[in-house]
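Asker: Would you mind keeping the following structure in view while I ask a few things?
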4 protein chains.
Amino acid sequence: MSFFGRELRIATFGESHGRAIGVVIDGVPAGLELGEEDIRRELDRRMFCNIPVLNPRCEPEEFEILSGVKNGKTQGTPIAVVIWNRRVISSYYDELWKRPRPGHADLAYYLKYGDNYDHRGGGRASGRTTAALVVAGAVAKKLLAILGVEVVGHIVELGGVQISKEYSVDDIKAAWSKPMPVVDDQALKAMLDEIVKAVREGDSIGGAAEVWAVNVPPGLGEPVFDKIKADLAKAAMSIPSAVAFEMGAGVRLARMRGSEANDPIVLKDGRVGLATNKAGGVLGGITVGEPVWFRVYFKPTPSVRKPQRTVDLSRMEPYTLEFKGRYDVTTVPKALVALEAMTALVLADHALRAGLIRRDRPAG
Amino acid sequence: MSFFGRELRIATFGESHGRAIGVVIDGVPAGLELGEEDIRRELDRRMFCNIPVLNPRCEPEEFEILSGVKNGKTQGTPIAVVIWNRRVISSYYDELWKRPRPGHADLAYYLKYGDNYDHRGGGRASGRTTAALVVAGAVAKKLLAILGVEVVGHIVELGGVQISKEYSVDDIKAAWSKPMPVVDDQALKAMLDEIVKAVREGDSIGGAAEVWAVNVPPGLGEPVFDKIKADLAKAAMSIPSAVAFEMGAGVRLARMRGSEANDPIVLKDGRVGLATNKAGGVLGGITVGEPVWFRVYFKPTPSVRKPQRTVDLSRMEPYTLEFKGRYDVTTVPKALVALEAMTALVLADHALRAGLIRRDRPAG
Amino acid sequence: MSFFGRELRIATFGESHGRAIGVVIDGVPAGLELGEEDIRRELDRRMFCNIPVLNPRCEPEEFEILSGVKNGKTQGTPIAVVIWNRRVISSYYDELWKRPRPGHADLAYYLKYGDNYDHRGGGRASGRTTAALVVAGAVAKKLLAILGVEVVGHIVELGGVQISKEYSVDDIKAAWSKPMPVVDDQALKAMLDEIVKAVREGDSIGGAAEVWAVNVPPGLGEPVFDKIKADLAKAAMSIPSAVAFEMGAGVRLARMRGSEANDPIVLKDGRVGLATNKAGGVLGGITVGEPVWFRVYFKPTPSVRKPQRTVDLSRMEPYTLEFKGRYDVTTVPKALVALEAMTALVLADHALRAGLIRRDRPAG
Amino acid sequence: MSFFGRELRIATFGESHGRAIGVVIDGVPAGLELGEEDIRRELDRRMFCNIPVLNPRCEPEEFEILSGVKNGKTQGTPIAVVIWNRRVISSYYDELWKRPRPGHADLAYYLKYGDNYDHRGGGRASGRTTAALVVAGAVAKKLLAILGVEVVGHIVELGGVQISKEYSVDDIKAAWSKPMPVVDDQALKAMLDEIVKAVREGDSIGGAAEVWAVNVPPGLGEPVFDKIKADLAKAAMSIPSAVAFEMGAGVRLARMRGSEANDPIVLKDGRVGLATNKAGGVLGGITVGEPVWFRVYFKPTPSVRKPQRTVDLSRMEPYTLEFKGRYDVTTVPKALVALEAMTALVLADHALRAGLIRRDRPAG
């Protein structure tokens, strides 16, 4: 279903080419400052207007807050936000009806929903629907700000190009002034080249994003099924095209010896902490006061112009698909923003569940 | 918390050196054949008696079914199973009290629970607690058998050694007759060597396990947060030491072009299917009638005999830890069995939620 | 929070005088016929235009289906419906700001939300918000129709007047052609008189509604916390002004001897059934194939024109409130329609959970 | 299912004549003092040894805490408690197999579970299973004590006899020194007479219990489905034999005029409060700092010695049942203790959810 979270809970809705997409956000305490600009700011971060191939028209989203906010503050009641879909030309999708695009949700939806799925623009499975997550993430980020927690991510791999530079969280934040948030300028250039090349070839590319949450208080998460690493994994793998999740150093840890993988425990400014943070800020699934970080890998956009083998489901015979519509050569940049949003939702939910943010009285 | 699942729901409990561990399993329809031997069989699969270093005493678990079963069939009511902990010698752990072992949950538990956590044997965070998952998985596997679904896994990487052989699901099943389920004999030998070497050096090793579910009907899973890939990720990352999750070809997909990553859609024996299955059996997070498969990476056991830097929390001063007790040189084999269990739980839950198994009347 | 249900799940939102109210309905299988007229029909049932004092302007609701429906059929994805609030005059409420109306949610909201609640028209606590429940109930009723289940209710008590006539479910259905659904014409007349009298006196009245669900299959509900009687109680008591819930004969059962309270078990047309149905169609909280029925009591609308004692919260001094705006002299008729909706939601949820309606493939 | 609660969550299990019943309690913060005596005290409150007909053998329960407690304090991990069933004589139940007792869950269980239900002593539907709730309630009461909240109840009606005396919460507490907690001595005597009379006639009686929670902080509960009144209703109606629920003055409110039903809002010792408390301490479903109180009605025990009409399900022919085993002439006293437990669970859950009790660090 389209419901997520326990004490900070969201319900999302909407198909890519339908009337609207949107989200209901519940569990937010009253008195949190929240304006349209907070939502606008996060929605704008997924536009990437400086890379025209990713967003040729570069138009801002048109959205409305329908409930839950009064005089620029939350009421403590559900916050419903609707994002109107533009009147788009869906005719490119006529050829695709009952000719499922390989790699897309089409086939699964056909098997589950029969003739009742909206395939236009990917329908409910479209990357577009993550705009609703970003709206919810905007609220979660405001909530986390009460605790001083900040969430920010960057692209660490695209089209096979990996960053190869040390970086701090400040470097990540600074990278958001570039066309894409990549801390390594040389890698950024190579990634942009890969984008151009893939477009030219009518193909698409995947990659990986990394998210950091800093100033996370210790004690968030619980044994054994509400581990932060488990909830982040579910949150991340809910994003379209996500194919792998690594907590902290992830796969690399699995290839180390224990003596090498363990982060030494040390005294830091009078408190106990980790000398290194290969674990990603959690031990036993619980935060320890170190930054929480993880990586998520995204497959290339399934839409490509290259001919692809599929089946015409009306005739039950093979069909060769040549998509002619617009497609995103890569979903990684937008997916990264959704990933930040989901991270904020998970951490804010845990903060509420642990009682760090109270809800029997106004916030702040 | 220690609760998992929606319509097939479990609650687990217990500390490693406490009185007992156990699980309550709810949502199982009445009339399912279930005997102690079904549970015994699964618990035995995590013993690995042929690798003495993994289980020197090789004693079977002592467990009791307290409720929910009558005359060898489920009643439709909660099935409670308690696994009694042996009277173990916990004295090795005296030195570890308030001297958190790096890489273990100790530090997180101390920060969250103060002096109230049971650190002996890892307490609630111990790999031992996964025996309760395996019990629940035994029930879930019986439920899935109604639909013909089978779940089985194998070790694909250990101590840096990777398998390098094509294999079928039958090969995986057959591999369970070996000391460890590894389809590639040469890799198996090298892995066993790594185990011996790590023990000798007082160190530990990590690795990766892969699980396959076959005969999975199409239509399981739902947009956007109840995707099979998301629920499997949460389930997998709940297991101690799990550090990464890959759905299908995972990270490798992220490095391919779209035209290469997409599984062509083809006709197979009159039905629509995938020519390849890099996606892991799901599209848009929903099953399509192909086997579901994924990989999980586990870090090396944090327990090592090599000296490690930590902090004496009573004195708040640095401390060098040299663990002298027994430890598992690797958790991967046992974790694999827990992973199978969690996979069975996720799929059976989704089968119940989708209505493939009815609960208003007895099963079968 | 504003989330309800397990496998048929809703999220509602909206304040009475805000931009809109609405609901997201998730878990509905694909292929269910659903048009605006299905929603319109249910919304119209709460208008009671023939009793002008209950609805002087008698204008139909203005609503939009934003997602989840395609060509008159459900898609299997979330169905979002927004009901636009009319531009109402809220000036009557200026005097009420920080002068909480006795019996209303005002005081509770002030204590919990501070200055951040929207008090106009009762805000989030308004009876108006139940329109969103009625929309969700319309969908749930369509789902139940697949199983032949029908849900219908009537008013059994108002302003102290009780019905005193035997009746069948057909009588209840027929009563919906009257100004208010009351099976006993004499009682109806007396109730209407009570309404007029209360209006004249600037006061308000309460009463009770009874809901019947027929053709409910046996086996719905589960021990021990998912009992039908418990879920209906929660659903009913969620409705504004609900103050008591009786399953079947309720309080009367508590005053009988066991030999009198028990419904004899008998053979009926070859199947086992109950000779009487004082239990309300459930035993042990589980349906037995008999109609499910229960009663809910609603207090009088807290809004009255008579002077009432309250506190001016800005000055923290006593204040005498004389409300001058429009108010509903009784909420029972509208609450009844909400009660039907909640009943349908509970039963449809249980039908999905028990697997009577499948969701891995289109309905019907 | 047998799972209840959000942030304070329980899973119960067990059949009346099975091996054991029990409960897993999760969500309790670490550091809460909890000993066997805390559980013993609550279990003893449901013994009523001074009324031999209610408990002829008067033996204390035999229970074990299996996990979650260390040195008399909670660990923050699941607390599992098992209550061993005595070796009871089940032979009285042989005649009842497939001859469902009217008013009991037998018929429902047969229809849902087929031959797989344990009918002995009422199996999973037995009042005995509420002992597990009382254990969980003992923990919840300890949690609430952190906030100064106390929960206590009394019997207000039994066998048609109603109390007719004003009383304070102190009177209710004092009444627990009597054979049954009834504030009105004359009524108590008449109730005890009704018990004797019903036993003599081989019949059973029902009644009503009232629970009070004092020192409840304002701001617990939320619109629109997590109202305290709704959650208490579900909790109460989950108890076997519960047939009606009244919040505050309940049905009586429905028969008043609004001007009479509303509790005036007044200044009390500098804070805002209610002059009367007919509402039961909640407005809009949210606590306002006044005591929370409600009533629950219980039907008479379905077990009676008088002959009753049922059906022999093996032969599908009418059968006259004459039960010869021991039965509880009334369940109200034990149900009251379960009701207190459920009340404590609901309030403690809401206190955790609202953040009044923190869980990222030890309690106290």
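Asker: Rounded to the nearest 0.05, what FRET efficiency is calculated for D:Q162 and A:E37 with R0 set to 35 Å and r the Cβ-Cβ distance?
Answerer: On the way: r = 61 Å, r/R0 = 1.74.
Efficiency computed from Cβ-Cβ geometry: 0.05.
Asker: Now for a separate question. I need the phi-derived Karplus couplings for segment C:150-164: 6.51 cos²θ - 1.76 cosθ + 1.60, θ = phi - 60°, integer Hz, Gly and Pro marked x.
Answerer: Values, residue by residue: 10, 10, 8, x, 8, 8, 10, 7, 7, x, x, 7, 10, 6, 9 Hz.
Asker: Mind checking which chain D residue has its Cβ closest to the axis relating D to B, and how many whole Å off it is?
Answerer: Nearest Cβ to the rotation axis, residue and whole-Å distance: D:A11, 2.
Asker: Further, regarding this structure: Once the Cα atoms of helix C:185-200 and of chain C are each reduced to a long axis, what angle between those two axes, in degrees from 0 to 90 to the nearest 10, is obtained?
Answerer: With both axes taken from Cα atoms, the answer is about 20 degrees.
Asker: Moving on to the next point. List for segment C:88-118: residues with 50 Å² or greater reduction in accessible area, all protein chains versus chain alone, probe 1.4 Å?
Answerer: C:L107, C:A108, C:L111, C:K112, C:Y113, C:N116
Asker: Continuing with the same structure: Within segment B:84-109, which residues have the backbone N less than 16 Å from the label spot 7 Å out from B:K324 along Cα→beta-carbon, could you tell me?
Answerer: Flagged as within label range: B:89-97.
Asker: For the full complex of protein chains and a 1.4 angstrom probe, list D:W293, D:W97 by accessible area with the highest value first.
Answerer: D:W97, D:W293
Asker: Ignoring any ligand, DNA or RNA, what whole percent of the accessible area of segment D:1-124 comes from carbon and sulfur when the probe is 1.4 angstrom? All intermediate terms of the calculation are to be shown ahead of the outcome.
Answerer: Details: 1820 of 4040 Å².
Here it works out to 45 percent.
Asker: If every alpha-carbon in segment B:264-364 counts as one equal scatterer, what log10 I(q)/I(0) does Debye give at q = 0.13, 0.24 1/Å?
Answerer: Reported log10 I(q)/I(0), two decimals: -0.75, -1.24.
Asker: Follow-up question, since we're still on this one. Among A:G122, A:G273, A:G207, determine the one that fluctuates most according to a GNM of chain A built with springs between C-alpha atoms less than 10 Å apart.
Answerer: Maximum among the listed residues: A:G273.
Asker: Further question on the same structure: Among D:T12, D:T310, D:T74, which one moves the most in a GNM of chain D with springs linking Cα atoms closer than 10 Å?
Answerer: D:T310
Asker: So which GluC sites (Glu not before Pro) in segment C:157-259 pass both tests, a DSSP loop state and at most 16 other Cβ atoms within 10 Å of the Cβ?
Answerer: Numbers: sites: C:E157, C:E166, C:E194, C:E201, C:E210, C:E246; in loops: C:E166, C:E201.
Those satisfying the criteria are C:E166, C:E201.
Asker: Given springs between every Cα pair under 10 Å in a Gaussian network model of chain D, which of D:G137, D:G325, D:G206 has the largest fluctuation?
Answerer: Evaluated over chain D, the most mobile residue of the options is D:G325.
Asker: Using a 1.4 angstrom probe on the protein heavy atoms only, line up C:E62, B:E59 by accessible area, largest first.
Answerer: On the way: C:E62 105, B:E59 80 Å².
Output order, biggest surface exposure first: C:E62, B:E59.
Asker: On to the next question. Give me the distance in nm between label points sitting 7 Å out from Cα along the Cα-to-Cβ direction at C:N55 and A:D44, one decimal.
Answerer: Computed distance between label sites C:N55 and A:D44 equals 4.5 nm.
Asker: Let me ask another. Quick one: check the C-alpha center-to-center distance for segment C:206-275 versus segment B:243-268, whole angstrom.
Answerer: Centre-to-centre distance over Cα atoms comes out at 53 Å.
Asker: Oh, and also: To one decimal in nm, how far is C:D269 from the same spot in the other copies, if labels go 7 Å from Cα toward Cβ? Please give the shortest first.
Answerer: So the distances to the same position in the other copies read 4.3, 6.3, 7.6 nm.
Asker: Shifting gears a bit: Probe of 1.4 angstrom, ligands and nucleic acids ignored: what's the accessible area per residue over segment A:90-353, in square angstrom? Display every interim value, and only then the final one.
Answerer: Details: 7680 Å² over 264 residues.
For segment A:90-353, the per-residue accessible area is 29 Å².
Asker: Just from its helices, what would the mean residue ellipticity at 222 nm be for chain C, if runs of 4 or more DSSP H residues each count -39500 (n - 2.57) and the sum is divided by every residue, rounded to the nearest 500 deg cm²/dmol?
Answerer: Working: 9 runs with 98 residues, N = 364.
The helix contribution divided over chain C gives -8000 deg cm²/dmol.
Asker: How many nanometers, to one decimal and shortest first, lie between the label point of B:E166 and those of its other copies, if labels sit 7 Å from Cα toward Cβ?
Answerer: Computed spacing set for this position: 4.7, 7.8, 9.1 nm.
Asker: Kindly identify residues of segment C:292-341 having a loss of at least 40 Å² in accessible area between the isolated chain and the assembly of all protein chains, probe radius 1.4 Å.
Answerer: For segment C:292-341, once contacts with the other chains are taken into account, C:Y297, C:P300, C:R309, C:V311, C:M316 lose 40 Å² or more.
Asker: Pop out the carbon and sulfur fraction of the accessible area of segment B:174-258 as a percent, whole number, probe 1.4 Å.
Answerer: On the way: 1260 of 2250 Å².
Within segment B:174-258, the accessible surface is 56 percent carbon and sulfur.
Asker: A further question on this structure: Using Cα atoms only, what is the angle between the long axis of helix A:36-45 and the major principal axis of chain A, expressed in degrees (0 to 90) to the nearest 10?
Answerer: Taking the Cα atoms of chain A, the angle to A:36-45 is about 70 degrees.
Asker: Now for a separate question. Between the label point of C:K306 and that of the same position in each other copy, find the distances and list them shortest first in nm, with every label point placed 7 Å from Cα along the Cα-to-C-beta direction.
Answerer: Shortest to longest, the spacings are 4.3, 8.0, 8.2 nm.
Asker: Still on this structure: Please report Rg (one decimal) and Dmax (integer) in Å for the Cα set of segment B:92-207.
Answerer: Rg and Dmax of segment B:92-207, Cα atoms, are 18.7, 51 Å.
Asker: Each label point is 7 Å from the Cα along the Cα-to-Cβ direction; what then is the distance between the points at C:E317 and B:E62, in nm?
Answerer: Roughly 7.6 nm, to one decimal.
Asker: With viscosity set to 1.306 mPa s and temperature to 10 °C, compute the Stokes-Einstein D of chain A, Rh being the Kirkwood radius across alpha carbon pairs; µm²/s, no decimals. Don't skip to the end; give the middle numbers.
Answerer: Working: Rh = 21.5 Å.
In µm²/s, the coefficient is 74.
Asker: Could you run the numbers on buried accessible area between D and B, total for both chains, 1.4 angstrom probe, in Å² to the nearest 100? Don't skip to the end; give the middle numbers.
Answerer: Values: alone 17330 and 17320 Å², together 31060 Å².
Roughly 3600 Å² of accessible surface disappears when D and B pair.
Asker: How many Å³ per residue does the convex hull of the Cα positions in the protein assembly as shown occupy? If you can, show how the numbers build up before the last one.
Answerer: Numbers: hull volume 238.1 nm³, N = 1456.
Given the Cα convex hull of the protein assembly as shown, per-residue volume reads 163 Å³.
The values are calculated or read from the model by the stated rules, or taken from the named source; none is laboratory data. Here the structure is a predicted model, which means the values were calculated and not measured. Neighbour counts run over all protein chains shown; Cβ positions are idealised from the backbone, glycine included. Heads up: the accessible areas ignore ligands, DNA and RNA and are worked out on the full protein's heavy atoms, side chains in. Shrake-Rupley method; radii C 1.70, N 1.55, O 1.52, S 1.80 Å.
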